[in-house]
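The values are calculated or read from the model by the stated rules, or taken from the named source; none is laboratory data. Quick caveat, the model's predicted, so the values are computed rather than measured. Every residue, glycine as well, gets a Cβ built from its backbone with ideal geometry; the counts of neighbours run over all protein chains shown. Heads up: the accessible areas ignore ligands, DNA and RNA and are worked out on the full protein's heavy atoms, side chains in. Shrake-Rupley method; radii C 1.70, N 1.55, O 1.52, S 1.80 Å.
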Amino acid sequence: MGNRHPDPTMTGFEPLIGAAAAGLGGLITSLVKDKGTETLKNLDWDIGKNLAVRKATVDYVRRYIDRHGTLKVACVRMDYPVRLDEIYTAVQLLDRSALRYFESEDALQEQYRESGKRNFSVTNAEKKPGLQVANEQQYLMVLGGPGVGKSTFLRKVGLEALRTLGRRDFAGKDPGNLLVPQETFYQHPCIPVMLELRQFDKLDTSIQSFISEELETCGFPHPEELTELFLKNGKLLVLLDGMDEVPTANLDHAIKEIKKLVDNYSKIENPTEKNRRAKKILDNPDTNRFIASCRIAAYTFGGFTRFKDVAMAAFEDEQIEQFIKNWFQKDRDLEVNTADRCWELLNSNDYRAAKELAQTPLLLTLLCVVYDEFQDFPKKRHALYSEALDVLLRKWASEKRIQRNPIYQELSAELELDMLAEIAYASFVDNQLFFSKKILVEQIRGFLVDNLNAPNHLDAETVLREIEIQQGILVERARDAYSFSHLTFQEYLTAKCIVDNRKVNQLVRSHVNHKRWREVFLSVAGLASGRRGADDMLLAMERQAQTCLDSDKLKNTVAWATLASEHSPRDANPTAKRIAAIFLALALDCNGAVNRVLTLGHALDSIPDLDLNFTFDSTRGLAIAFARALSIAFDRAQTCALALDRALAFERARSLALDLANEYQKIGLFPVSSIDTVILNLERLEVQVSAEKISQAKIRKLNHEIIESFVVNLNMKMEFLSLSDLEIKQMINYFYILELMIRCKEAAVRVSPQVWAGIESRMVTVPTE
């Protein structure tokens, strides 16, 4: 599928390597000729004549592409590297000032609620394509949390710089292909130099020496002089990846080195020429450019006053979809497009929480790998969330070889997970998605003090800071206002706390009807372990569902549905047949029937299509249309002065009632003799539409006869057709819990067949004492 082993003999970069090497050779030849030292001028730099120089240019480009042109992230189960430009999706950047740093947690909470999205990073701030910002800014500091794509963005800019070198004719001719939108093309013909700053593991590390050593490794003669020539004449794109990955002891040295390089070789662009992009590119390209990256929580040091601070924006739907298409592009010719199926599934209600994880590119990669392997997302979603959490908690830092703070190492991953679970549960119970730093620090301190196995000498604020920097599980959204990085993680950790502390019954009693707890229930079902698995949880949910059917009317309605469908000719699941019968009863209620049928229809939507082997899509649509027509017919009979309008309204209701009865006959829900009689009675009710002497009383009588055709022949009672608003709400709650039970059964690792068979047999029946 999408993540296939590449052909080892072909990387796909061969055309770029050749073109970029030629462009690099042309740049060096032109530069040495115009501004080189005598030592450099004494050498022949023509790559057409000097094979050693040509080999050096090819080796330089190839080394960059080999190290930075492919992507392989083992911690998300990528078995083989893929080309970066095959899966790269354009990122969006926004000013750091747009992160609402001075908002309160209450304001953030209100904004989140109003957005209606599962996205803690909601902002109305202007976003710009990453390449456009890189074109506009000579000095750029890219900030963001773990796994948001900072390093990948820097790599991509370097690749685009090589493409620009490959397109540029340094003999002085305008190739005519540089004048394209800034957001799709890197405009500056620079030589990319990628420096992973975790290499600053010694106090004598020098960026300029690093560049010289790279040139020497590739076989360039006089690498120190060549490096100096590049820097003095503004020919380098210096990519400084991972300021947060510099060992703490060496951070000051690294900052001084970067500052010295920037200050010594800084030729500021003329601001008036910024608006003359094409001329600037061709006539004034001589400015070194610097792009650095850092985790936003670690960006507390100074020294980067020249740099424009920008933040990586979370992926939006358009970017998520594009990433998926890029990932599965090799499957696009299949009869059923893999990318389309994956995107469609991710947009379904069942996987809204998984889709939220896709806002982070690292976790979106995990989702694509999982889908690639199984051609589906797991029903047991807790396993997926657990793996995603583990990627950020342990695997990502380990894969990047980040040196962890010694203080933080004393808190094991298992203890940290327990601590985060307690924090998640306490805030979720209080309906707090954003919480103050003060409360958070107190919770961490309390956990460290109260747990015998926890290192209680650790400073709570230091622990919080290290979690934020190294993992990004907790994120400072505004000054001293925090949230989890994803709501999905908060829900999963809340579920973990509930299972670990045996609070499942309390969860069911208090929150089974609350939709914001839905994902928690599904994760609890998956995390429930032991011999009984999720059995006790499902039985508790059943008991809670039965409390919804507490009125005599509701009990009688359910009892009728059981009797009416008991001897039907259709061999279908009894529960589904009872649901379809209740739906018909509600459609016959002429008082507010439309809204009630619509509302209950939504509540029932997913139940018949799970494992109940019965669908009533056609009957539901007809029932809604019939309820609407019946309501109009009664209204016209009471208020309309024109007999013709009254007759037309009645005929429309009668016609739809007949269609509905025929549909119920087709699906075999009721005994044949009963539904046949309903159809016969409805056919006899036909009136001449042109009969202008039909009175209001006559039309009202005919409308009631439509209802009685069903009521009498299906042994219904009129009380079924007059449920109160509270009873309708109770019934909706009842069906919501049934649907959630089915989902929890699917999400569970272990459910007893006997327990589930008993639960299913009792669905939509009158509860026993």
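Leaving ligands, DNA and RNA out of it, report the carbon-plus-sulfur percent of the accessible area of segment 13-149 at a 1.4 Å probe. Here it works out to 49 percent.
Our coupling estimate for segment 188-193, obtained by passing each phi through the Karplus curve with A = 6.51, B = -1.76, C = 1.60 and θ = phi - 60°, is 10, x, 10, 8, x, 10 Hz, Gly and Pro reported as x. Think of a 1.4 Å ball rolled over the protein heavy atoms: segment 419-496 then has 36 Å² of accessible area per residue. Here the extension length gained between residue 301 and residue 66 equals 81.3 nm, from 0.36 nm per residue of separation less the Cα-Cα distance. Over 5 Å intervals from 0, what percent of Cα-Cα pairs in segment 355-492 sits in each interval? Going out from 0 Å in 5 Å bins, segment 355-492 shows 2, 9, 19, 22, 20, 15, 8, 4, 1, 0 percent. When peptides 459-468, 236-245 are ranked by their average number of other Cβ atoms within 10 Å per residue, the highest-first order is 236-245, 459-468. Fully extending the segment from residue 515 to residue 462, taken as 0.36 nm per residue of separation minus the present Cα-Cα distance, adds 15.5 nm. Given in Å, the Rg to one decimal and the Dmax to the nearest whole number for the Cα atoms of segment 416-552 are 16.9, 61. For residue 115 and residue 757, the FRET efficiency from 1/(1 + (r/R0)^6), where r spans their Cβ atoms and R0 equals 25 Å, is about 0.05. Anisotropy class assigned to segment 41-107 is oblate, per the alpha carbon gyration tensor with a/c at or over the 1.5 cut-off and a/b no larger than b/c. Could you name the aspartates and glutamates whose alpha carbon sits less than 16 Å from that of residue 395, not counting residues in the same chain fewer than 8 places away? Leaving aside aspartates and glutamates fewer than 8 places away in the same chain, those within reach of residue 395 are 79, 245, 387, 414, 416, 466, 468. Listed values for segment 127-138 are Karplus-derived 3J(HN,Hα) couplings in whole Hz (6.51 cos²θ - 1.76 cosθ + 1.60, θ = phi - 60°), namely 10, 10, x, x, 5, 4, 5, 5, 5, 7, 10, 6, and x replaces Gly and Pro. Here residue 717 is the anchor, and the lysines within straight C-alpha reach of less than 21 Å, apart from those fewer than 8 places off in the same chain, are 553, 555, 577, 701, 729. Note on residue 127: lysines with a C-alpha under 23 Å away, same-chain residues under 8 apart excluded, are 117, 150, 156, 274, 308, 325, 355.
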